[in-house]
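The values are calculated or read from the model by the stated rules, or taken from the named source; none is laboratory data. The structure presented is a predicted model; accordingly, all values stated were derived computationally and were not measured. Cβ coordinates were reconstructed from backbone atoms using ideal geometry, including for glycine residues, and neighbour counts include every protein chain displayed.
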Amino acid sequence: MIKTFTRNEMIRFFYNEMTDDESTEFKRVLNENPGFRNEYSDFLSNLKNLDKIMLAPPKRVIKSILDFSKHFDQSKERV
């Protein structure tokens, strides 16, 4: 029976957090199972793309929020 691995186990393998036995089994399945190899390749690609994620909103969004705040009439909101 072929062992299947979860995404969590892929992360553990990537960060070298598996035992030697787990790592050996992971590599064996990686070499023998083209579908798993493709899934792991996609996983690696996604990890590399994490650095490209925008961590702050665009300036136009910030400006829009600030403009709205300046023109918001707080007296209408009081109950």
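With respect to the conditions (1) surrounded by 10 or more Cβ atoms within 10 Å (Cβ to Cβ); (2) at pLDDT 90 or above, Lys3 falls short on a single one, namely (2). Considering segment 1-34, the residues that are over 22 Å from the mean Cα position of the chain (by Cα) and in a loop (DSSP other than H, G, I, E, B) include one that is farthest from Ser45 (Cα to Cα), namely Met1.
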